[in-house]
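Single-structure report; data block below.
The values are calculated or read from the model by the stated rules, or taken from the named source; none is laboratory data. In this text, all values refer to a predicted model and were calculated from it rather than measured experimentally. Please note: Cβ atoms are built from the backbone with ideal geometry, for glycine as well, and neighbour counts cover all protein chains shown. The area values use the complete protein model at the heavy-atom level, side chains included, leaving out ligands, DNA and RNA. Shrake-Rupley method; radii C 1.70, N 1.55, O 1.52, S 1.80 Å.
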Amino acid sequence: MSETLLFDRRWIARGAERASTLRFLLWLFPWMLLLLLGIYAAGLCFYYGLNQTNMDNRFAFGMWIFLDLAIIAMGAGAFFTGFLVYILKQKDLKPVLNSAVVVGLTCYSGAIAVLMVDVGQPLRAWFTFWYPNTHSMLTEVTFCISCYLLVLILEYIPVVLRNRQLRKIPSFLVFEHQLHKLVPVLAGVGAFLSFFHQGSLGGLYGVLRGRPFVYRQGFGIWPSTFFLFILSAVAVGPSFLILVTAAAEKVTGRQLVQPTVFRKLGFISGVLLAVYVAAKAVDTYVWLNITSPSVGFGPSDYYSYWPMSSTFLFAATVPLGLLPALLLILPYTARRRGWLLTGAALACAGVLLNRFVFTVQTLALPTLPFDEFLRYTPSWQEVATFGGVIAYGVIVYSLSYRYLPLFEAAKGVDKNVSLD
Amino acid sequence: MFPWTDGYHWSATHIIFLSLFFMVVLVIFSTFVSAVWRAASDLRTHRAAKLCWQKNFADLPEAARHCRHQLAGRVASRTCDNAFDCRQCANYTQFGSLPSNVPTKNVGVSYSDKLLYHRGHTWVRPERDGTFSIGLDEFANHVIGRPDSVEFPRSLDDVESDGIAWRMTKNGYEIRVRAPLGGTVISTGGPDEGWYLKILPHGQPNLRHLLHGQEVPGWLAAEIDRLHLQLSMPGAEHTLADGGMLMPNLMDAEPEADWDTILAATFLDS
């Protein structure tokens, strides 16, 4: 790219090929518009209250909670990749580690931003910390997500400080080095926190005795959904990372990581997805034959309402569960990029459907004889806020890709750097 | 959250949950504070410059990290893993005793047997008063020509070996020149004086890391080959350099070249 078209050349890593400044700004423009629309919609919710949404006392969880559950599951790639690289020493995944951190950071910060709008009283959001209900799964989720966001910020700082201009400042470079040396500690803390908040998001539904559609038995204080949510999140995290990286490769027109990294991520994702599908099948069998009948509900009470019929259950289990697991595991398909990406996309779609079912279908289904099947359509403010979070993620990722070393080759940069 | 907060109960769930929470917060906080503390300690004890150089060195392309013994023809191929600090190299004596094998030829720029050379294209000359003069070598002078501006450290400031000794600008590019050895700045010169800094080292300096003898033509020949490649027009076929002299003031003569990359490679900036 000609120097004259790269007005921000000084901030881009030397030797890195990037689109012209104008082209980059044109790419950002629609996302900025979407972000502004999202901020405006969130502003309306702050100013006028939650009457701007189509949620009500019966349908208190809507699109935003679905978004939260979905992007927190997708963001699991951050903690899981950190866990694989730093704790299990899978160094060949290091090239995607920085990218995973940015994906995780945008997912979690976006989720928390939406939660701040969703609580309706953002000025009292701190109450959840000051007056915690320690019997609530949501309290655990809030505490863990907040702490994990801090961890992600600390993991992101070294990436930011490796920017070409920032690294010229000795104090920044030294701090980056020292913080980077401690990242394994943060990876361990992140894995601990993520294990519990991913699980508690599932446990949140599993303990709802008044909602037989999601109520589950389990182990100790944890319903089976606690473990299924953890498993599904760690299964889909690497798949989402594959999709984000492939999308970045498509948009930039460059190969960013070696195919072997994709295959390894895909294999890990596939194996975990297969375990998840098996566990989910057992859980569904126990639920439909023991747990649910014990409170007077049979399968027809859940699956006779169009469009949320048994097709959802089948889709989440076979074409969006078993099939992607096979596509990601079998060497024939895993070696072919098209099949690998299809498998990753189907895996992500399966977990999205699972989170949709838990959030929306649960509330839509009647639980009392005089209840009706409820229908909920999000308002434009909910959709715009949702879109704003997506735009925020794309913008942060794009800026990070342009100015930061997101896809460093694993060349052992730091192994020679030690004064100790 | 705390015993004095309304709603707090001395129950097992409260104590276990909040203890875990505070432990996690403590680990996160202490990790951050530890990094700040260690960084401050490095900056206070002058280890920062060495650390910065080591990180910078690790980011250099492999072709720029060839060992001096390869440049002198003593070994076929070897990549330095000591950040060019031969004082720390366990194999220095072993390789240094091997005969060098560099054909003595005109490499295109002049060099002196009386000077010691740093890989960042500076030279060092011991003076009779115990100070050391530092200047830019002929290769760097030919590439840059006359700099547009020079920013020196202040007199009596300390410079660290491989840290940034002084900065120059040329045609809008910032050039950071690395110090071949550490010490206190006694006086500053400039392009007209033929030297840039005079420094007084702390104690007796060990100059083993600086190039001399047959290593210098081997290194300069490799640098000129690198420059040839970097100055080639994009898409042009590679051709074999067959001698000739390096023309002066290259940055003005070839303004369209990728000087950002060339200057980084020349002055060991990542």
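B:S161: net charge of surrounding residues, Cβ under 11 Å, Lys/Arg +1, Asp/Glu -1, itself excluded?
Net charge around B:S161: -1.
In whole Å, what are the Cα extents of the protein assembly as shown along the three principal axes, biggest one first?
101, 61, 50
Provide a whole-number value for the mean count of partner chain Cβ atoms within 10 Å of the Cβ atoms in peptide B:44-54.
Other-chain Cβ atoms within 10 Å of each residue's Cβ, averaged: 4.
Of the listed peptides A:176-182, A:196-202, B:257-263, B:96-102, what is their order by residue-averaged count of other C-beta atoms within 10 Å, with the highest listed first?
Output ranking for A:176-182, A:196-202, B:257-263, B:96-102: A:196-202, A:176-182, B:257-263, B:96-102.
Mind putting a number on the dipole of the stretch A:138-258 about its Cα centre? Charges go on the C-beta only, +1 for Lys and Arg and -1 for Asp and Glu, and I need it in Debye to the nearest 20.
Its charge dipole is roughly 260 debye.
Over the whole of B:36-43, what's the average partner chain Cβ count within 10 Å per residue? Rounded to a whole number, please.
5
How much area per residue is accessible in chain A when the probe is 1.4 Å and only protein heavy atoms are counted (Å²)?
On a per-residue basis, 44 Å².
Which Cα, out of A:L161, A:H180, A:L150, lies furthest along the positive dipole direction of the stretch A:119-203 (beta carbon charges, K/R +1, D/E -1)?
Sorting the options by dipole projection puts first A:L161.
Assign unit charges at the C-beta atoms only (+1 for Lys and Arg, -1 for Asp and Glu), then state the dipole size of the stretch B:1-110 relative to its Cα centre in Debye, rounded to the nearest 20.
680 debye
Chymotrypsin sites (Phe, Trp or Tyr not before Pro), restricted to the stretch A:355-405: which are DSSP loop and have at most 12 other Cβ atoms within 10 Å?
Answer by residue number: A:F370, A:F373.
Compute the angle between helix B:215-231 and the longest alpha-carbon principal axis of chain B, please, reported from 0 to 90 degrees and rounded to the nearest 10.
80 degrees
Using unit Cβ charges (K, R positive; D, E negative) and no other charged atoms, how large, in debye to the nearest 20, is the dipole of the stretch B:1-65 about its Cα centre?
400 debye
Which residues' amide hydrogens lie under 5 Å from the amide hydrogen of B:W166, considering only partners 5 or more residues apart or on another chain, with H built in the peptide plane?
B:V177
Need the full-extension length gain, B:R167 to B:A90, defined as separation in residues times 0.36 nm minus the C-alpha distance. One decimal, nm.
24.4 nm
Could you check the simple spin-label distance between A:V119 and B:M247, using points 7 Å along Cα→Cβ, in nm with one decimal?
Going by the 7 Å Cα→Cβ label model, 6.8 nm.
Apply 1/(1 + (r/R0)^6) to the Cβ-Cβ distance of A:F219 and A:T377, taking R0 = 30 Å, and write down the FRET efficiency to the nearest 0.05.
Computed FRET efficiency for A:F219 and A:T377: 0.20.
Sort the following peptides by mean Cβ neighbour count (other Cβ atoms within 10 Å, averaged over residues), highest first: A:342-353, B:40-51.
A:342-353, B:40-51
Return, ordered by residue number, the residues of the stretch A:181-212 whose backbone nitrogen is under 18 Å from a label point located 7 Å along Cα→Cβ of B:V25.
A:189-190, A:193-194, A:197
Once every DSSP H run of n ≥ 4 in chain A is given -39500 (n - 2.57) and the sum is divided by its residues, what mean residue ellipticity at 222 nm do you get, rounded to the nearest 500 deg cm²/dmol?
It lands at -20500 deg cm²/dmol.
For the pairing of chain A with chain B, what total accessible surface becomes buried, with a 1.4 angstrom probe, in square angstrom to the nearest 100?
The A and B chains share an interface burying roughly 4000 Å².
Note down the relative contact order for chain A as a percent, whole number, built from C-alpha pairs under 8 angstrom at least six residues apart.
Normalised by residue count, the contact order of chain A is 28 percent.
For a quick protection proxy, order the peptides A:57-67, B:148-158 by their average other-Cβ count within 10 Å, most packed first.
Order by mean packing, descending: A:57-67, B:148-158.
Can you give the mean number of other chain Cβ atoms that lie within 10 Å of the Cβ atoms in peptide B:27-34?
5
Using a 7 Å offset from the Cα along the Cα-to-Cβ direction at both B:T79 and A:R335, what is the distance between the two label points in nm, to one decimal?
For the pair B:T79/A:R335, the computed spacing is 2.9 nm.
If you take the charge dipole of the stretch A:141-288 about its Cα centre, with +1 on Lys and Arg Cβ and -1 on Asp and Glu Cβ, which of A:G270, A:F229, A:G253 is farthest toward its positive end?
Result: A:G253.
Name the residue from A:M55, A:F356, A:C107 whose Cα lies farthest towards the positive end of the charge dipole of the stretch A:8-403, charges +1 on Cβ of Lys and Arg and -1 on Cβ of Asp and Glu.
Positive-most Cα among the choices belongs to A:C107.
Apply 1/(1 + (r/R0)^6) to the Cβ-Cβ distance of B:T5 and A:A315, taking R0 = 56 Å, and write down the FRET efficiency to the nearest 0.05.
0.75
If you take the beta carbon distance between A:S294 and A:F127 as r and set R0 to 41 Å, what does 1/(1 + (r/R0)^6) give as a FRET efficiency, to the nearest 0.05?
Computed FRET efficiency for A:S294 and A:F127 comes out at 0.65.
Tell me the per residue accessible area of the stretch B:62-215 using a 1.4 Å probe; a whole number in Å² is fine.
Per residue, the stretch B:62-215 has an accessible area of 47 Å².
Percent relative contact order of chain B, based on C-alpha pairs within less than 8 angstrom and at least six residues apart?
20 percent
Express in whole angstrom the spacing between the alpha-carbon centres of the stretch B:121-145 and the stretch B:12-30.
Value for the Cα centre distance between the two parts: 59 Å.
Using Cα springs under 10 Å in a Gaussian network model of chain A, which residue among A:N354, A:N289, A:N163 shows the largest mean-square fluctuation?
Highest fluctuation of the listed residues: A:N289.
Could you sort B:T13, B:T93, A:T139 by their accessible area in this structure, using a 1.4 Å probe and putting the largest first?
The residues order as B:T93, B:T13, A:T139, largest area first.
Quick one, could you list the DSSP H helices from chain A stretching 15 Å or more along their long axis (Cα atoms) with average Kyte-Doolittle hydropathy of -1.0 or above?
Passing helices, by number: A:21-48, A:63-74, A:97-118, A:137-161, A:170-181, A:183-206, A:224-252, A:259-286, A:337-356, A:380-403.
For the cross-link pairs A:K168/B:K198; A:K91/A:K280; A:K168/A:K250; A:K94/A:K280; B:K114/B:K198, which exceed 26 Å when the distance is taken from alpha carbon to alpha carbon?
Violating the 26 Å Cα-Cα cut-off are A:K91/A:K280; A:K168/A:K250; A:K94/A:K280.
Taking the Cα atoms only, what angle lies between the long axis of helix B:47-58 and the longest principal axis of chain B, rounded to 10 degrees?
So the inclination is approximately 70 degrees.
Modelling each spin label as a point 7 Å along the Cα-to-Cβ direction, I'd like the B:R146/A:L26 distance in nm, to one decimal.
Label at B:R146, label at A:L26, 4.4 nm between them.
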